[in-house]
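Down below is the structure, laid out as C-alpha cells.
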Amino acid sequence: MKLETTAHSDALLIKVVEDRIDAASCIQFKDEMQAATVNAPARVILDMGQVKFLDSSGLGAVVAVMKACAPDTRLELASLTPIVAKVFRLTRMDEVFAIHASAALAFTA
C-alpha cells in the first residue's frame, strides 16, 4: 500500500496511491495510516482520488483509522471517486466523515 504524506501548517495530507482498498490490502492500509498519523496535527486529510474500489473491509479500515487517531485529531476525506462516494453514502458514513470535493478545497474549508 503506497501512501504519500505532505505536512501543511494546519493539517497532514495523506494521498492513497493505489486503486483499491479491499480485504487484501486493508490491514497494510490501516497499519501505514496509523504510523503516518502518530503525531498528526488536528486535521488529517485523506485524499482518495485514485481509489476506484472500496469494499466493506476497506471501509472498516478507514473507520478504524479514524477511531485510532488521537482524540483531538479529525480524519477528513477528499476527492472521492463516484463509486467510493456511493459506498460512503449507502452506509451513511458520509454523515460521520467530513468529505471534501478535493484536497485543495479541504484546505480552504
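The values are calculated or read from the model by the stated rules, or taken from the named source; none is laboratory data. Everything numeric in this text was worked out from a predicted model, so none of it was measured. Heads up, the Cβs are rebuilt from the backbone with ideal geometry, glycines too, and the neighbour counts pull from every protein chain shown.
The set of residues from the stretch 1-58 being under 14 Å from S79 (Cα atoms), over 12 Å from the mean Cα position of the chain (by Cα) and not charged (D, E, K, R) comprises just one member, F53. Applying the condition of being within 17 Å of V16 (Cβ to Cβ) and out of contact with any strand residue (DSSP E or B) (no Cβ under 7 Å at 6 or more places or on another chain) to the stretch 89-106 and asking which residue is surrounded by the most Cβ atoms within 10 Å (Cβ to Cβ) yields M93. With respect to G58, determine if the residue is assigned to a loop (DSSP other than H, G, I, E, B), of a type outside the set (S, T, Y) and modelled with pLDDT of 95 or more. Here the answer is no, as G58 does not meet what is asked. Answer yes or no: is there a residue in the stretch 81-93 that is part of a loop (DSSP other than H, G, I, E, B) and among the aliphatic types (A, V, I, L, M). No, the stretch 81-93 contains no residue that is part of a loop (DSSP other than H, G, I, E, B) and among the aliphatic types (A, V, I, L, M).
Here is the figure for the stretch 30-55: residues that are among the aliphatic types (A, V, I, L, M), farther than 21 Å from K86 by Cα and either touching a residue at least 40 places away in the same chain (Cβ under 8 Å) or not in a helix (DSSP H, G or I) (or both) total 4. Could you look through the stretch 71-80, keep only residues that are assigned to a loop (DSSP other than H, G, I, E, B) and under 12 Å from the mean Cα position of the chain (by Cα), and pick out the one that is nearest to D55 (Cα to Cα)? By that ranking, first place goes to L80. Filtering the stretch 1-29 to residues that are in contact with an Asp or Glu (Cβ under 9 Å, 6 or more places away or on another chain) and outside any strand (DSSP E or B) leaves M1, K2, V17, D22, A23, S25, C26, F29. Suppose we filter the stretch 68-92 for residues that are out of contact with any Cys (no Cβ under 9 Å at 6 or more places or on another chain) and within 19 Å of A11 (Cβ to Cβ); how many remain? Total satisfying the criteria: 12. Among the residues of the stretch 1-13, those identified as in contact with a strand residue (DSSP E or B) (Cβ under 7 Å, 6 or more places away or on another chain) and either closer than 20 Å to V87 by Cα or among the charged types (D, E, K, R) (or both) are E4, D10. Taken as a whole, the condition of being without any contact (Cβ under 8 Å) to a residue 24 or more places away in the chain, in a strand (DSSP E or B) and out of contact with any Lys or Arg (no Cβ under 7 Å at 6 or more places or on another chain) applies to I99. Among residues belonging to the stretch 18-32 that are in contact with a strand residue (DSSP E or B) (Cβ under 7 Å, 6 or more places away or on another chain) and among the hydrophobic types (A, V, I, L, M, F, W, C), point out the one that is nearest to H100 (Cα to Cα). The residue in question is I21.
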